[in-house]
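Read through the structure below, which is laid out as structure tokens, and then see the notes.
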Amino acid sequence: MSALQPLLLVLEGAEKARDDAKSEMEAARRTHEAARQQAQSLHDWRQEYQTRWQSQFRQSGGMEIIRCYQEFMQRLADAVSEQDRKVEQTRQYMERCRELLIERERKVIAVGQLIERRQQEAALIQRRQEQKATDEMASRAGRGNVHGLSAGGHPASPNSI
């Protein structure tokens with residue numbers, strides 16, 4: 001088992017890195033979702049605001065009110081654009097986190113498979129050694145009987161020959 005110890009340490013490190021990447025991915029997903037929801041709220045609010053004020057302008061609307069409305073709508077459009085950029089940035093970051101997580105998952109799997117192969121190789125070597133020892137004992141027992149020795153390795157009595 002001591003031959004596997006370095007691989008077990010590598011596996012432990014790979015699992016920790018994977019778990020860290022999983023946590024980072026989850027945090028990125030939450031951040032992206034919050035940004036997306038904020039953008040959706042801004043889009044909805046802008047639409048609602050436009051609808052409300054357009055009906056107000058039909059009833060009455062001086063030039064000063066229209067100018068204030070247009071300035072506000074421009075600032076709101078800038079806020080919406082900025083939030084849309086934030087959504088895209090968080091989406092890209094979440095994608096990078098997802099790719100890193102996949103890479104780290106693959107490393108854990110690869111190290112796990114390597115450990116499994118090493119364990120199978122060690123078991124095969126063990127079985128071969130045991131078979132060799134069994135074969136040697138059988139061979140010695142067979143040679144002992146041929147040379148006049150009993151199965152215990154003592155000279156056979158003349159009556160047993």
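Annotations
- Rel. contact order, % - alpha carbon contacts under 8 angstrom, at least six apart, region 7-146: 49
- Test item: Cα-centred dipole of the chain, Lys/Arg +1 and Asp/Glu -1 on Cβ, debye: 360
- Angle between the chain longest axis and helix 63-146 axis [Cα atoms, degrees, rounded to 10]: 0
- Label-to-label distance, nm, for residues given as Glu88 and Glu15 (7 Å Cα→Cβ offset): 4.2
- Taking 21 Å as the straight-line reach from the Cα of Lys107, the lysines in range (excluding those fewer than 8 positions away in the same chain) are Lys16, Lys22.
- Degrees separating the helix 5-59 axis from the principal Cα axis of the chain, which is the longest one: 20
- Sorted peptide list for 66-79, 9-22, 127-140, criterion being average Cβ within 10 angstrom, highest first: 9-22, 66-79, 127-140
- When Asp84, Asp44 are arranged by Cβ crowding within 10 Å, least crowded first, meaning fewest neighbours, the order is Asp44, Asp84.
- Kirkwood-based shape ratio for the chain, expressed as Rg/Rh from alpha carbons: 1.66
- Sorting Ser23, Ser60 by the number of Cβ atoms found within 10 Å of their own Cβ, with the fewest placed first, yields Ser60, Ser23.
Read-outs: derived from the displayed coordinates by stated rules, not from any lab. Because the structure is a prediction, the values reported are computed rather than measured. Cβ coordinates were reconstructed from backbone atoms using ideal geometry, including for glycine residues, and neighbour counts include every protein chain displayed.
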